[in-house]
1. Under the condition of being buried (at least 22 other Cβ atoms within 10 Å of the Cβ) and touching a helix residue (DSSP H, G or I) at 6+ places or on another chain (Cβ under 7 Å), which residue from the stretch 40-56 is nearest to residue 143 (Cα to Cα)?
2. Answer yes or no: is there a residue in the stretch 122-136 that is within 18 Å of residue 326 (Cβ to Cβ), touching a residue at least 12 places away in the same chain (Cβ under 8 Å) and surrounded by 19 or more Cβ atoms within 10 Å (Cβ to Cβ).
3. Go through the stretch 75-95 and give me each residue that's within 24 Å of residue 119 (Cα to Cα) and in contact with a strand residue (DSSP E or B) (Cβ under 8 Å, 6 or more places away or on another chain).
4. Conditions first: (1) outside any loop (DSSP other than H, G, I, E, B); (2) under 28 Å from residue 16 (Cβ atoms); (3) within 15 Å of the chain's Cα centre (by Cα). Residue 217 passes all but one, so which condition is the exception?
5. Out of 52, 62, which single residue is under 15 Å from residue 129 (Cβ atoms) and modelled with pLDDT of 95 or more?
6. Residue by residue through the stretch 71-81, note down the ones that are over 14 Å from residue 38 (Cα atoms) and in contact with a helix residue (DSSP H, G or I) (Cβ under 7 Å, 6 or more places away or on another chain).
7. Which members of the stretch 228-241 meet the condition of being modelled with pLDDT of 95 or more and either under 11 Å from the mean Cα position of the chain (by Cα) or in a helix (DSSP H, G or I) (or both)?
8. Please determine, by comparing only the residues of the stretch 151-172 that are under 18 Å from the mean Cα position of the chain (by Cα) and surrounded by 18 or more Cβ atoms within 10 Å (Cβ to Cβ), which one is modelled with the lowest pLDDT.
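The values are calculated or read from the model by the stated rules, or taken from the named source; none is laboratory data. Bear in mind the structure is a predicted one, so any value in this text is a computation, not a measurement. Please note: Cβ atoms are built from the backbone with ideal geometry, for glycine as well, and neighbour counts cover all protein chains shown.
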């Protein structure tokens, strides 16, 4: 298995510099590219990301991105207003597929985005990134345009540790967790890192033990990845934080390892949060893996954590995300739209 992973790393791990823009645009031809930003209370960063994509990738000189959509998960700040002013099309989560009541979670928003985008290639980018570079888009879209055998591409990058100076107050953590747009990095130690705590303590061990073919992915939980619509519409979507691991594992079983790739896009700077939020993330990741290992009848799990109060430790119990949306091809409204 190690030899297989090493061969894959040689064949399917690239740098953003490996594909000049001229080559990418020449290969694009009639392929339509959609970029989707899932967002919940991201007014501080979403506008800058949209502005960079529009300026650098949607110009007459560089017409790489055809469609830029911000999926608003129910923001209570000016996220929708800021995104629209910067030039994105903003769509409210609850306006999509009203027949199916929406639930909180990043995976829910990504799943619904297939209904309101038209690209042959769909690129997901988290809306909380700081110092955003267009390389995040060109890097992961490029292989899908130049290499017909590649169906799914994840970004890899350095994730420097350090507190976000303008990050949300602690009360906003649960909202950000629901959207998935938060980092699992520690909020102190400013040394560079290759993965967050949930990645290194939960996701990477799970992948190495149960899906060793995926051991070569540097950032398996990263929120920046692109895929062909023809693949995404065939995959189930965990509604919460487990969506990245779930899509990666299901893509492996659907199209095989050689159709998966990763591209080094540099440095990713984004928000951090506390250990309790990370615990809930870890539980969702484990549950997502558990479902894929068993597909059996399992009790809906709950996670109890403790907070110190005036009278000692107080338990707080949270439901762990377990719901998954079916492949979009199973949704009547989607198939009708595709036919139309």
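1. The initial filter retains those residues of the stretch 40-56 that are buried (at least 22 other Cβ atoms within 10 Å of the Cβ), namely 40-42, 45-47, 49-50, 53.
Still in the running and touching a helix residue (DSSP H, G or I) at 6+ places or on another chain (Cβ under 7 Å): 40-42, 46-47, 50, 53.
Values: 40: 29, 41: 32, 42: 29, 46: 25, 47: 27, 50: 22, 53: 18 Å.
Among them, the one singled out is 53.
2. yes
3. Once the filter is applied, which keeps residues that are within 24 Å of residue 119 (Cα to Cα) and in contact with a strand residue (DSSP E or B) (Cβ under 8 Å, 6 or more places away or on another chain), the stretch 75-95 yields 79, 80, 83, 84, 87, 88, 89, 90, 91, 92, 93.
4. (1)
5. Within the list 52, 62, the selection yields 52.
6. None; the set is empty.
7. 229, 230, 231, 232
8. 159
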